[in-house]
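The values are calculated or read from the model by the stated rules, or taken from the named source; none is laboratory data. None of the values given here were measured: they were computed from a predicted structure. Note that each Cβ is placed from the backbone with ideal geometry, even for glycine, and that neighbours are counted across all protein chains shown. Note: accessible area is taken over every heavy atom of the protein model, side chains too, but ligands, DNA and RNA are not part of it. Shrake-Rupley method; radii C 1.70, N 1.55, O 1.52, S 1.80 Å.
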Amino acid sequence: MAYPYSSSGFPGYPGYPGGDPAYPPAGQQAFPGGQYPGGAYPPAAGGGYPAAGGFPAPGGYPGAVPSYPGAPGYGAPGQGSGYGAPGQGSGYGAPPGAPGYGAPQGVPGYGAPGFGAPAGGYGAPAAGGYGAPAAGGYGAPPGGAPGYGGYQQPSTQNYGAGGPGQAQGGYPSGPAPGQQPLVSVEHQPFASAMTATQGTIRAAANFDALADAEKLRKAMKGFGTDEQAVIDVVSNRSNDQRQKIKAAFKTAYGKDLIKDLKSELSGNVEDLIIALFMPPTYYDAYCLYHAMKGAGTKEGVLIEILCSRTNSEIRNIVACYKSEFGRDIEKDIRSDTSGHFERLLVSMCQGNRDENANVNMQQVEQDAQRLYQAGEGKLGTDESSFNLVLASRSFPHLKALTEAYARISKRDLLSVIGREFSGHIEDGLKAILQCALNRQAYFAERLYKSMKGAGTKDCTLIRVIVTRSEIDLVQIKQAFAQMYQKSLASMVSSDTSGDYRKMLIAITGQ
């Protein structure tokens, strides 16, 4: 797939040279806020329930990884909010020194406290309790079948509960009369100290944009291309540094780096390298645009991006989609999808999910009852209740909700969604819940499915590797190895070849 690029080095879309003439010219608005705030919402260390308060610890996950401070913004050097080269006018990015992709340390929110259970948390469950998932679960022991099975088939043994509404084994059923139901971050049973996530790509020390531009020029000059030299530079620079290399290349040689790369590369390695040169917000918007452009719709792309990003990320994506492609993302969603799936995606693109780190346990219990009555407790399904809860509640709230629901129903919420829904709406609701439970396990599953069986879904493989490379790919690799008993690198090596394989391995590491 070729990405048309404009003279400034960024993709040519409606109104750009090489763009799609079917749409009106895109407005050149400055990106709201001038920066790309926030990173992903990491789960508790290990992506599961820590060994505390009687909960066994899943194997294979190390403790908290050292924090990775937010990378600087990705505007052009010396220019306000330049998405393009210096002097190209307003665009997309952050002024020099502004924090970029990745939440700054100390900023409260989903990335601040984790969701593990501190000592004395929810109490010790009965034998075979909450930390001992079924084979293949979130934190399944080696030898188990891969998947989210650890959150399936909760039983009285798993939860230590008698009948619906009963809480045994130290598991509270809700606040006592007169008790404050709001559980603070410091004391909520699924919150612990900050758990950092880490990307496999870090900003290079002693970075010299002009020297890197010279290396790339030399690699592409003359007959043939030194692909290894290109891989060595691109895979070892942060996205912010790649933007500076692109600007330095045009300054030094009066040529567009992206056009030169496209003329020298081809196939999947071209798609991968060009994707790495797109600023993160733009790349998400670009993927959404092409998922809905033309005949057919790639629903999996819509689900993956809109159901896994933070509020600030979604709002920035929506603004980018409008300014760069001259389109309204909500209108495009409505024209390309329908029914309950359409409503879920429209809810997602509002970017209004509750992000309060505190969890109201009384509301959790009420929501658990609401979902039970909307699904298992009635003939048919009240889809709007599921949409309301899963689209608006915070991820810590949804994590607590899965536990409360299992006490009421004796089924886990993921399996209930599978029984009550089907098709794309089922996939979307499950994606939200999986991200609330363990975001890295969700992306590990996306990577596994992109390579499982005959053929490789290269678009998915490239998209997940690129978008998570500076956020939490280290933890995704750990989750992948634990869930599937093989390393991500080994599966990538067996499913890809040539320079494409070399580039993927350079990003993911062994």
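For Arg419, the conditions (1) in contact with a helix residue (DSSP H, G or I) (Cβ under 9 Å, 6 or more places away or on another chain); (2) open to solvent by 10 Å² or more (accessible area, probe 1.4 Å); (3) of a type in the set (D, E, K, R) all hold with the exception of (1). Across segment 472-484, the qualifying residues are those that are open to solvent by 10 Å² or more (accessible area, probe 1.4 Å) and among the aliphatic types (A, V, I, L, M), and the one among them that is farthest from the chain's Cα centre (by Cα) is Ala481. The conditions of being of a type outside the set (A, V, I, L, M) and within 20 Å of Glu330 (Cα to Cα) are not met by Arg419. When Ala291, Ala219 are checked against the criterion of being within 28 Å of Lys322 (Cβ to Cβ) and of a type in the set (Gly, Ala, Ser), a single residue qualifies: Ala291. Evaluate segment 247-259: report whether one residue or more is part of a loop (DSSP other than H, G, I, E, B), among the aliphatic types (A, V, I, L, M) and at negative phi. No - not one qualifying residue is present in segment 247-259.
Considered as a group, the residues in segment 198-219 that are surrounded by 17 or more Cβ atoms within 10 Å (Cβ to Cβ) and within 26 Å of the chain's Cα centre (by Cα) include one that is nearest to Lys255 (Cα to Cα), and that residue is Ala203. The conditions of being under 16 Å from Arg309 (Cα atoms) and either assigned to a helix (DSSP H, G or I) or touching a strand residue (DSSP E or B) at 6+ places or on another chain (Cβ under 7 Å) (or both) are not met by Tyr448. When Thr402 is tested against the conditions (1) among the hydroxyl-bearing types (Ser, Thr, Tyr); (2) more than 30 Å from Lys477 (Cα to Cα); (3) open to solvent by less than 50 Å² (accessible area, probe 1.4 Å), the lone failure is (2). Scanning segment 277-298 for residues that are surrounded by fewer than 19 Cβ atoms within 10 Å (Cβ to Cβ) and not in a loop (DSSP other than H, G, I, E, B) yields a single hit, His290.
Any idea which residue in segment 369-388 is surrounded by the fewest Cβ atoms within 10 Å (Cβ to Cβ), counting only those that are under 26 Å from the mean Cα position of the chain (by Cα) and within 10 Å of Leu413 (Cβ to Cβ)? So, considering only residues that are under 26 Å from the mean Cα position of the chain (by Cα) and within 10 Å of Leu413 (Cβ to Cβ), the one surrounded by the fewest Cβ atoms within 10 Å (Cβ to Cβ) is Phe386. The lone criterion from (1) over 26 Å from His340 (Cβ atoms); (2) more than 13 Å from the chain's Cα centre (by Cα) left unmet by Thr467 is number (2).
Note on segment 485-499: among residues that are open to solvent by 20 Å² or more (accessible area, probe 1.4 Å) and not in a loop (DSSP other than H, G, I, E, B), the one that is nearest to Asp232 (Cα to Cα) is Asp499. Among the residues of segment 501-510, those identified as open to solvent by 20 Å² or more (accessible area, probe 1.4 Å) and not in a loop (DSSP other than H, G, I, E, B) are Arg501, Lys502, Ile505, Ala506.
Of the residues making up segment 264-276, at least one is open to solvent by 40 Å² or more (accessible area, probe 1.4 Å), more than 19 Å from Leu473 (Cα to Cα), more than 22 Å from the chain's Cα centre (by Cα) and free of Cβ contacts under 8 Å to residues at least 40 places away in the same chain.
Just one of (1) among the acidic types (Asp, Glu); (2) under 25 Å from the mean Cα position of the chain (by Cα); (3) open to solvent by 40 Å² or more (accessible area, probe 1.4 Å) fails for Glu324. It is (3).
Screening Thr251 with (1) open to solvent by 20 Å² or more (accessible area, probe 1.4 Å); (2) farther than 30 Å from Gly222 by Cα; (3) of a type in the set (Ser, Thr, Tyr) gives one miss only, at (2). The set of residues in segment 345-371 being in contact with a Ser or Thr (Cβ under 7 Å, 6 or more places away or on another chain) and assigned to a helix (DSSP H, G or I) consists of Leu345, Arg370, Leu371. With respect to the conditions (1) of a type in the set (Gly, Ala, Ser); (2) touching a helix residue (DSSP H, G or I) at 6+ places or on another chain (Cβ under 6 Å); (3) open to solvent by 10 Å² or more (accessible area, probe 1.4 Å), Gly455 falls short on a single one, namely (2). The residues listed here are Glu304, Glu342, Glu330; of these, the one that is under 15 Å from the mean Cα position of the chain (by Cα), of a type outside the set (Lys, Arg) and assigned to a helix (DSSP H, G or I) is Glu304. Restricting attention to segment 329-340 and to residues that are under 18 Å from Arg309 (Cβ atoms) and of a type outside the set (Val, Ile, Thr), the residue that is surrounded by the fewest Cβ atoms within 10 Å (Cβ to Cβ) turns out to be Glu330. Of the helices (runs of 4 or more DSSP H) that lie entirely inside segment 372-432, those containing 2 or more residues that are of a type in the set (S, T, N, Q) span 383-392, 395-409.
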